[in-house]
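Q: There's a structure below that I have some questions on.
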Amino acid sequence: MLKLQNISKSFGGVQAVKNCSFEIEKNSITALVGPNGAGKTTVFNLVSGFSNPDKGDIFFENKKLNHLPIWKRSRLGISRTFQLSRMFRNLSIEDNLLIALREDDDKFLKMFLRDVEGDKQEKNRIYEIMDFVGLKKDPKTIVTDLSYGQQKLFDLSRALLNSHEFLMLDEPVAGVNPILRDTFKKLLKELKAKGETILLIEHDMDFVRHVADTVIVMDQGSVLAEGDPEYIFSDKKVLEAYLGTTV
Amino acid sequence: MWIIAQIFINAIIAGSVYALVASGLTFIYATSRIFHLAHGVVILFGAYIFHFVWVEQGLSPALGVLFSILGSVAIGLLMNELVYEQQRKRHAKRLAYLISTIALLMLGTSSIILIFNTSLKSFNIQTTVYRFDQLNITLMQIILIVISCFLLLILSAVVKYTKFGKAMRATSDNDEVASIMGINTRQIRRLSFGIGSLLAAVAGILIGLEFNIDPNMGVYLAIKGFTAMVIGGVGSIGGAIFGAFLVGFFEQIAVWYFGAGWKNSIAFVLLFFFLLLRPRGIFGLKRFR
Amino acid sequence: MFAFLIYILTLICIYSIIVMSLNLAMGYTGLVNFGHIGLLGVGAYTSAILTTKFDVSFIFAITFAAILCALIGALLSIPSRKIKDDYFALLTLGFLFVSGAVFINWTDMTRGTLGIRGIVRPEGFAEPISFFVLTFIMSLVTFFILEKVTNSPFGRVLEAIRDDEQVAESLGKNIDRAKMVAMTLSGFFVGIAGVFMAHFIRFINPASFWLDPLVISLAAVVIGGLASLRGSILGVILVFTISESLRFLSLPSTMIGPMRVILFMIVLLVVILFRPKGIIGRADLD
């Protein structure tokens, strides 16, 4: 579904990603792991269009993404979350999610005369997803009122509501309490059962072990190792790269 | 032929003043990341206080310079303390800073009009004119250039060689890290505003001596300073100086070709092109040097 | 006394249009457009020149001016694709200055600092009251149209762009096009306001589109509240009320102008610092 071929990217002298290549299969959960600075978030940015590669190609469903603007990539089916929650701070949860759900709302003439409230169908879809992830909050509340854990659930809801074929989750459970962590494990597995394809960045190895089919380890900008979780976590190279981190 | 040379000379004269403004702005932007358009007000106070003390009150020019610098620095620091720092405390958005700096600019300009009244002020300085064939340059103009260069050299030295300069560079690169490393970033910002305002005061004084002063020049000078900063690459003092000269140069060309009315618009045209085509400026530095 | 009231009310209507359209760009879409007043001038001058120099009908003039300003608004939005935030604001400030320079220097058309006199009101609306009614209707129409725009899914997308442009884009929104629409609409209505201003005061010169309108509109849009059309109207009313009360202080005429600016700017700063949402705004500046 997604293919990176020899991707390189540097920022003002710092080589963030170097000759990175990997492929993601449809209907799988892949975890992108590696020490801080390994280039994981840069890869996310390169795929979603927040950044453009210096060298190499990115293919999504055989379409070359290389200099496509962010919104076009999103419309191709790429949906992502961010390490630090980014929301439309002055709008309510419902408004935030409606924006994610709706597809032609950036077209003025089409939307000019529509009702801002969202029709029954749209609202039901939103409540459905909020239910699914377990986000129990009045949708009319301002989005900044959410607790940290709820923000993570919100991020996932938004990514799900945004029409997509491919989900990229950037540290979905970072700093989240163990109960919520378990919830996320279940959610991701359910999503896979529903046919979703997920690529996630995570540092919590236990979480990764439970959830991922494949693990890709990055270090210093390139892929160090790739395989299923058990194999990866016993690989010497990987342990060395992670020196100091508990596995 | 001589016209080109005269243009060059005029460009250097104007450029010297713009360079003082631009370097001050660079200092301020480097440590606070604020587009301090209200800097123009500081320049105005520098010029008007000097004029008031020396010409209107008849006191010594040295006293004029003293009050001018003290007054301008005070104003610059006040703007920072009362407005920008307060906004920083509240984690204001970029939009908020933009509005407040424009508000301060208009507030300041109107205050000048109120306090000193709007008529054009001039110093009526006549100094010896030196002629080389068809080139003219006055003693005043030479002094202006020399003072500018002198100050800018000192400034560069301070940034490069002193502990303070190091702290400024650190704050500019990453103020969170700098503050964790024990640098009092708030002090650094204060000092930047202080130094920037001092440079602005001198610029105001020199402008007054060489040209005339009017309340609207504040905003024009601020814009030209920003243009110079952007051309040279935001954060580079050397770049700002170069940019300042470029602005001066193109202005002279514009005046020659199109007449004086368009002089102040040239800076914008330059700004526009640089932002579109080469936003990182000529020297492309994102670090404070 | 009554005539004075009508005069002020007409101005309030005109400024409501100016501030509401400014709010659309700034409060809803997050585009700081200091050049808004420059466009006001373009609308005014266009209509003034067309009707006085070329003897064109009011209807034609206002249509032409509005479309011209809409177009310029659209053009101004293009740099915002590459040039962001502060730099974009700087550029719009540049537009304000350049338009000012054009008004002063293109003397063939604009008569420079002398200004254009004797602008005639449209047939049948020469009387202050009837012109006021016309203006009032225009401001109502503006309100209703902009209300529909901002209270629609498209309006929400504009707010999304204001709050986090990249995230909006990552949700599939063509932000460049949306911003262009916002600036086009904003330009369209401020152009209309310019025409009304020219035909109301019947005399314009470059100074009419400089400090004063900028101060008033900036103060009104922030004090009233960003992202609130009603707030903009409220802001304008408030600003004019304060402004007119200054008359009672019987200051020398040269002092009134600067004093007004100082007063408004202080209030503006206080609002920004202590109540960034303004009176009934929705968008926070923090």
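Q: Taking each residue of C:96-105 in turn, how many C-beta atoms of other protein chains fall within 10 Å of its C-beta, and what is the average? Display every interim value, and only then the final one.
A: Details: counts 2, 7, 7, 1, 2, 7, 3, 0, 2, 6.
If you average over the peptide's residues, the count of other-chain Cβ atoms is 4.
Q: Work out the length of the dipole vector of chain C about its Cα centre, built from +1 on the beta-carbon of each Lys and Arg and -1 on the beta-carbon of each Asp and Glu, and round it to the nearest 20 debye.
A: On the way: 20 positive and 17 negative charges, 29 e Å.
Rounded to the nearest 20 debye, it is 140 debye.
Q: Further, regarding this structure: How would you rank C:V32, C:V120, C:V157, going from fewest to most other Cβ atoms within 10 Å of each one's own Cβ? Mind dumping the intermediate values first?
A: Numbers: C:V32 23, C:V120 12, C:V157 29.
Least crowded to most crowded, the residues run C:V120, C:V32, C:V157.
Q: Using modelled backbone amide H atoms (1.01 Å from N, in-plane), which distant-in-sequence or interchain residues come within less than 5 Å of A:K55's amide H?
A: Those lying under 5 Å, H to H, from A:K55 are A:S8.
Q: If you count the DSSP beta bridges with both ends in chain A, what percent of them are antiparallel, to the nearest 5?
A: Of those bridges, close to 55 percent are antiparallel.
Q: How do A:K9, A:K185 rank when sorted from fewest to most other Cβ atoms within 10 Å of their own Cβ?
A: Numbers: A:K9 22, A:K185 15.
Least to most surrounded, the residues fall as A:K185, A:K9.
Q: Right, something else. If you plug each phi of region C:90-107 into the Karplus form 6.51 cos²θ - 1.76 cosθ + 1.60 with θ = phi - 60°, what whole-Hz ³J(HN,Hα) values come out, in order, with x for Gly and Pro?
A: So the J values, rounded to whole Hz, are 4, 4, 5, 4, x, 4, 4, 5, 5, 5, x, 5, 5, 4, 7, 9, 7, 5.
Q: Any idea which of A:L68, A:S157, A:I93 is furthest toward the positive side of the dipole for region A:56-165, if Lys and Arg beta-carbons carry +1 and Asp and Glu beta-carbons -1?
A: A:L68
Q: Sticking with this structure for a sec: Determine the dipole magnitude for chain A: charges of +1 sit on the beta-carbon of Lys and Arg, -1 on that of Asp and Glu, nothing else is charged, the reference point is the Cα centre, and the result goes in debye to the nearest 20. Before the final figure, lay out the partial values.
A: Working: 35 positive and 36 negative charges, 91 e Å.
Rounded to the nearest 20 debye, it is 440 debye.
Q: Are there trypsin sites (Lys or Arg not before Pro) in region A:19-82 that DSSP marks as loop and that have at most 15 other Cβ atoms within 10 Å, and which are they? Intermediate values should be presented prior to the final figure.
A: Working: sites: A:K26, A:K40, A:K55, A:K63, A:K64, A:K72, A:R73, A:R75, A:R80; in loops: A:K26.
Qualifying residues, ordered by number: A:K26.
Q: Other chains near C:174-181: what is the mean number of their Cβ atoms within 10 Å of each residue's Cβ?
A: On the way: counts 7, 4, 3, 4, 5, 1, 1, 5.
Other-chain Cβ atoms within 10 Å of each residue's Cβ, averaged: 4.
Q: Between B:G259, B:G232, B:G248, which gets the highest mean-square fluctuation from a Gaussian network model of chain B, Cα cutoff 10 Å?
A: Of B:G259, B:G232, B:G248, the most mobile in the Gaussian network model is B:G259.
Q: In addition: So what are the three principal axis dimensions of the protein assembly as shown from its Cα atoms, in whole Å, longest to shortest?
A: Sorted largest first, the three principal extents are 87, 71, 49 Å.
Q: Mind listing the Cα extents of region C:2-206 along all three principal axes, in Å, largest one first?
A: Taking the Cα atoms of region C:2-206, the three principal extents are 53, 36, 27 Å.
Q: Classify region B:2-277: rounded, prolate or oblate, from the alpha-carbon gyration tensor (a ≥ b ≥ c, eigenvalue square roots; a/c under 1.5 rounded; otherwise prolate if a/b is larger than b/c)?
A: prolate
Q: Looking only at A:L98, A:L167, A:L109, which one moves most when chain A is put into a Gaussian network model with springs between Cα atoms under 10 Å?
A: A:L109
Q: Count the lysine pairs in chain C whose Cα atoms sit under 28 Å apart, keeping only pairs 8 or more residues apart in sequence or on different chains.
A: The result is 11.
Q: Moving on to the next point. Roughly speaking, what is the centre-to-centre gap between region A:36-58 and region A:154-233 when only Cα atoms are used, to the nearest Å?
A: Here the two parts' Cα centres lie 18 Å apart.
Q: Looking at region C:198-286, which trypsin sites (Lys or Arg not before Pro) are in a loop (DSSP not H, G, I, E or B) and have at most 16 other Cβ atoms within 10 Å?
A: C:R202
Q: Mind ordering B:215-227, C:81-93 by average Cβ neighbours within 10 Å, highest first? List each step's numbers first, then the result.
A: Values: B:215-227: 26.0, C:81-93: 19.7.
So the order, starting with the most tightly packed, is B:215-227, C:81-93.
Q: Roughly what would the spin-label model give for C:K82 and A:F132, points 7 Å off Cα along C-beta, in nm?
A: Inter-label distance under the simple model: 4.1 nm.
Q: Give the angle, between 0 and 90 degrees and rounded to the nearest 10, that separates the Cα long axis of helix B:94-116 from the longest principal axis of the Cα atoms of chain B.
A: Approximately 40 degrees, to the nearest 10.
Q: Loop-only check: which trypsin sites (Lys or Arg not before Pro) in region A:189-247 are DSSP coil with at most 13 other Cβ within 10 angstrom? Spell out each step's value before the answer.
A: Working: sites: A:K189, A:K192, A:K194, A:R209, A:K236, A:K237; in loops: A:K194.
Of the trypsin sites (Lys or Arg not before Pro), the ones in loops of region A:189-247 whose Cβ has at most 13 other Cβ atoms within 10 Å are A:K194.
Q: To check you understand DSSP bridge types, tell me what percent of the beta bridges within the protein assembly as shown (both residues inside) are antiparallel, rounded to 5. Provide the component values of the computation, followed by the final result.
A: Numbers: 26 of 41 bridges.
Within the protein assembly as shown, antiparallel bridges account for around 65 percent of the total.
Q: Counting only other chains, and only Cβ atoms inside 10 Å, what mean value do you get across the residues of C:82-92? Could the numbers behind the result be given before it?
A: On the way: counts 4, 5, 3, 5, 10, 8, 2, 9, 11, 5, 0.
Mean partner shielding for this stretch: 6.
Q: Could you please rank A:E165, B:E251, placing first whichever residue has the fewest other Cβ atoms within 10 Å of its Cβ? List each step's numbers first, then the result.
A: Working: A:E165 16, B:E251 25.
Lowest count first: A:E165, B:E251.
Q: In terms of modelled amide H atoms, which long-range or inter-chain residues lie less than 5 Å from the amide H of A:A225?
A: Under 5 Å from the amide H of A:A225: A:V217.
Q: Here's a follow-up. What are the residues whose amide H is under 5 Å from the amide H of C:G281, where those residues sit 5 or more places off or on another chain and H is modelled from the backbone?
A: Here the answer is C:L226, since their amide H atoms fall under 5 Å of that of C:G281.
Q: Note down the nm distance, to one decimal, between modelled labels 7 Å out along Cα→Cβ at C:E123 and at A:T144.
A: Computed distance between label sites C:E123 and A:T144 equals 5.5 nm.
Q: Taking 7 Å along the Cα-to-C-beta vector as the label spot, tell me the B:V177-C:M255 distance in nanometres, rounded to one decimal.
A: It works out to 5.5 nm between the two label points.
Bear in mind these aren't lab numbers, they're just calculated from the coordinates by the rules spelled out. Everything numeric here is computed off the predicted structure, so don't read it as measured data. Because the Cβ atoms are built from the backbone with ideal geometry, glycine has one as well, and the counts that use them run over all protein chains shown.
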